[in-house]
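Each reported figure results from applying straightforward, stated rules to the coordinates on display, with no laboratory input. None of these values were measured; they are calculated from a predicted model. Quick reminder, even Gly has a Cβ in these numbers, built from the backbone with ideal geometry, and neighbours come from all protein chains shown.
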Ligand SMILES: NC(=O)c1ccc[n+]([C@@H]2O[C@H](COP(=O)([O-])OP(=O)(O)OC[C@H]3O[C@@H](n4cnc5c(N)ncnc54)[C@H](OP(=O)(O)O)[C@@H]3O)[C@@H](O)[C@H]2O)c1
């Protein structure tokens, strides 16, 4: 029996109504799922503010989008490097100055499978620093504008949350003793997801129920992710896998984050992504979330550690 509430095809962007007057702020749109999500939002009439680290790539992205969708689209870029907290702060301040309404902040950008232990300028292991701390700080600074807009926060996680040690290694957050590209990526994506459910609890507790927070994942999608940051061997294996039906298009990979950003009345408790084998491909819907992603004591501690690391307490 099909249990997907969106039918056998699952959720698709056909469900998105006209988005004129809506604004979406999205990280990492120069390739992959972020590019496809931005394109679909723009094609529905939305305003899109992209937060990308590479200005040249961003300009090229805007040119490509205008070429494909026409010059009338409303798309801009604000430069932001998630590996530099000062850059995140600067970009977020610029958003607050220039973007009066945020219907959804989509935290999509990430790096993966970084072969050797590497550090952000703030001294964090790079995958935790970029994927979790960078996006966490961005959410915290933009939160008041999202609240005023009755908007959403959408975090793109990964099924990798269910690999590795399945918790947060609080006694060695930089993995000085046991660095491994996959385990550390897994931890960074778990941290991202855990903070979504912790945010939901905090919003409920403070009665701020007009803001919604969602966690999703793109399954296995043919993007630049491994090409950008993975080792030669991982890149080679991923290139072969991309040729098989185990991996879907980047466009399909963008559906879960689009669903979380636009679908009315979507239950926040869920974890959304492709629902086929291993949750890698297939109709988009709700995926089973393993209990360690909602381990309350770990989530509360992670929230505090993340506020301390980023130097900002959420205004909740
Ligand atoms: N593809 C998959 O199979 C898969 C599976 C599970 C989860 N995911 C998740 O899906 C999301 C999107 O990734 P993708 O697969 O579409 O990969 P992608 O094609 O590599 O896109 C990643 C985007 O993030 C940006 N980015 C990387 N580091 C950044 C930084 N320091 N500051 C700002 N932007 C930065 C990249 O910009 P540059 O062009 O400057 O590098 C790019 O625009 C990620 O959260 C990833 O963890 C993907």
Inset, instruction - Grab the alpha carbons of the chain, take their convex hull, and tell me the volume per residue in Å³. - result: 128 Å³
Inset, instruction - Take every Cα-Cα distance within region 2-81, group them into 10 Å bins from 0 onward, and report for each bin the whole-number percent of pairs it holds. - result: 19, 47, 24, 10, 1
Legend entry - Span from the region 242-299 Cα centroid across to the region 102-129 one, whole angstrom: 20 Å
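Does region 152-309 come out rounded, prolate or oblate, given a ≥ b ≥ c as the square roots of the eigenvalues of its C-alpha gyration tensor, rounded meaning a/c under 1.5 and, failing that, prolate meaning a/b above b/c? Display every interim value, and only then the final one.
Working: a/c = 2.25, a/b = 1.17, b/c = 1.92.
Judged from the Cα gyration tensor, region 152-309 comes out oblate (a/c at least 1.5, b/c at or above a/b).
Assign one of three labels to region 99-197, namely rounded, prolate or oblate, based on the Cα gyration tensor with a ≥ b ≥ c the square roots of its eigenvalues; rounded applies when a/c is under 1.5, prolate when it is not and a/b is larger than b/c, and oblate otherwise. List each step's numbers first, then the result.
Values: a/c = 2.54, a/b = 1.99, b/c = 1.28.
Prolate, since a/c reaches 1.5 and a/b exceeds b/c.
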Inset, instruction - Pop a pseudo-label 7 angstrom from the Cα along the beta-carbon direction at both residue 267 and residue 232 and give the gap in nm to one decimal. - result: 4.9 nm
Inset, instruction - Run through every distinct alpha carbon pair of region 193-248 and return the Kirkwood hydrodynamic radius in angstroms, one decimal place. - result: 14.0 Å
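Relative to 2.2 N^0.38 Å, what does the C-alpha radius of gyration of region 68-128 come to as a ratio? Two decimals please.
Region 68-128 yields a ratio of 1.43.
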Inset, instruction - Compute the length gained on full extension between residue 69 and residue 119: take 0.36 nm times their separation in residues and subtract their Cα-Cα distance, giving the result in nm to one decimal. - result: 14.2 nm
Legend entry - the chain - percent relative contact order, Cα under 8 Å, separation 6 or more: 20 percent
Inset, instruction - Count the DSSP beta bridges whose two residues both fall in region 16-307, then state the antiparallel fraction as a percent rounded to the nearest 5. - result: 15 percent
Inset, instruction - Just the Kirkwood number for region 224-283, please: inverse of mean 1/r across all distinct Cα pairs, in Å, one decimal. - result: 13.2 Å
Inset, instruction - For the chain, with a Gaussian network of springs between Cα atoms less than 10 Å apart, report the residue from 121, 95, 130 with the top mean-square fluctuation. - result: 121
Legend entry - Value of D in µm² per second that Stokes-Einstein yields for region 269-316, Kirkwood Rh from Cα pairs, at 10 °C (1.306 mPa s): 122 µm²/s
Inset, instruction - May I ask you to derive the relative contact order of region 180-250, considering only C-alpha pairs under 8 Å and at least 6 residues apart, and to give it as an integer percent? - result: 26 percent
Inset, instruction - Calculate the spin-label point distance for residue 177 paired with residue 5, positioning each point 7 Å from the Cα along the beta-carbon direction, and give it in nanometres. - result: 4.4 nm
Inset, instruction - Just grab the label-to-label distance for residue 210 and residue 304, each label 7 Å out from Cα along the Cβ direction, in nm (one decimal). - result: 3.2 nm
